[in-house]
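Written out below as structure tokens is the structure these notes cover.
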Amino acid sequence: SDWDLEALPERVIPRTNYQRACDRDTYDANLAHWNGKPYTDSWRVAWRRMTQPGLERSVQATLVPPGPAHCNTVHTYALRAESGTARLAGLTSTLPLDYLVKVSGKSDVQDELARRFPLPKDHPLDQALLLRTLRLNCLTADYVPLWEERFDPAWATDAWTAEPDSPCGRILARVPLGDVGPTWSMATPLRRDAERRMALVELDAIAAIMLGLSAEQLCAMYRTQFAVLRKYEYAMAFDAEGRKVCAHHQSAGYRQSQLQAQAKDGERDKRWQSVWKLVLAEEDEPGSVDWEGEFTPPFTRPDREAEMTAAYHHFSSAGPQ
């Protein structure tokens, strides 16, 4: 199900196709135990097992709080230290670790593959990694304990790697990366598409540095194994408020998808059936499109290789590696 992260409630429970088939006591008694506690007591990195090389990404992972259980189509990991689990969640969202799965040719990401994922310890970029990881994952109040335990005052000095006066930098200026406090609030997570994408791009650069890769090698991974992601981003743009529009429906932004669905159902003018065509018209003749307050021009096209390279050089020059 799609979620409007801008309107996400403070607490929300996603829909599930599964439910307990026995009483609660029997269910709890049969939960696997890790270090003497039910595995559901831990913060965990969860990932979908089944994949295929032709997907946009092969590793679909997230950070889940204590409480939820899962069936065998999902696997979860927890490290002894919660900070390590959060760092692992950040790294599993990056192109370098995804690349390892893609080149393996496997369609089932089991433990025997996941345990090979590298996890550098005590790296100078750990806090940069954690800040971006937690702002991406801590979407609801269920993440308050992790955020407040891991908060570092040094995050206040962190900033986006895009040049402030660039089109991308002006979009990101709406939500300064280091403008967070020790108490979680609805403003803590990154909610709009441009901010979330840039956090992932910067995590790619951080992971490359941590793993001893060059910027050129990172870009080569992107070019050779992420053809679908490249296709989507070639026909993608962000409006001035950071909302995504894409020519391919699989990567459409939430607002774009809603508007196109409304037009298809006859609830809006049929011109909204392809928001991407409206973007192209706006690019050809600025001011020619009545956006009815749904999007705010101008639109900015992404360039992942340039962005990853700039982020890589920024983090490389930030201190000794």
Here are some residues: E282, E216. Which one is open to solvent by 30 Å² or more (accessible area, probe 1.4 Å) and of a type in the set (D, E)? E216
How many residues are charged (D, E, K, R) and either exposed (fewer than 15 other Cβ atoms within 10 Å of the Cβ) or touching a Pro at 6+ places or on another chain (Cβ under 6 Å) (or both) if we restrict to segment 231-259? 2
Positions within segment 112-141 being open to solvent by 50 Å² or more (accessible area, probe 1.4 Å) and farther than 30 Å from S317 by Cα, in sequence order: E112, R115
Name the residue that is most open to solvent (accessible area, probe 1.4 Å), counting only residues in segment 172-185 that are among the aliphatic types (A, V, I, L, M) and more than 17 Å from the chain's Cα centre (by Cα). A173
Expected output for segment 1-28 (first residue in contact (Cβ under 8 Å) with a residue 12 or more places away in the chain, partner of a type in the set (G, A, S) and open to solvent by less than 80 Å² (accessible area, probe 1.4 Å), Cβ below 8 Å, 6+ apart or cross-chain) is D2/S257; E10/A141; R11/A141
Could you please give the count of residues in segment 120-137 that are closer than 29 Å to A227 by Cβ, modelled with pLDDT of 95 or more and part of a loop (DSSP other than H, G, I, E, B)? 1
If I ask for residues that are hydrophobic (A, V, I, L, M, F, W, C) and in contact (Cβ under 8 Å) with a residue 40 or more places away in the chain, which ones from segment 91-101 would you list? L91, L95, L97, V101
If we scan segment 260-268, do we find a residue that is open to solvent by 10 Å² or more (accessible area, probe 1.4 Å) and within 19 Å of the chain's Cα centre (by Cα)? no
If the requirement is being open to solvent by less than 80 Å² (accessible area, probe 1.4 Å), among the acidic types (D, E) and modelled with pLDDT of 95 or more, which of these qualifies: D28, D98? D98
In a helix (DSSP H, G or I), open to solvent by less than 30 Å² (accessible area, probe 1.4 Å) and under 29 Å from R230 (Cα atoms): is that true of G169 in this structure? yes
If only one of L79, L88 is within 16 Å of the chain's Cα centre (by Cα) and either open to solvent by less than 50 Å² (accessible area, probe 1.4 Å) or without any contact (Cβ under 8 Å) to a residue 60 or more places away in the chain (or both), which one is it? L88
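The values are calculated or read from the model by the stated rules, or taken from the named source; none is laboratory data. Here the structure is a predicted model, which is why all the values come from computation and not from measurement. Cβ coordinates were reconstructed from backbone atoms using ideal geometry, including for glycine residues, and neighbour counts include every protein chain displayed. Ligands, DNA and RNA are excluded from the accessible area calculation, which covers all protein heavy atoms including side chains. Shrake-Rupley method; radii C 1.70, N 1.55, O 1.52, S 1.80 Å.
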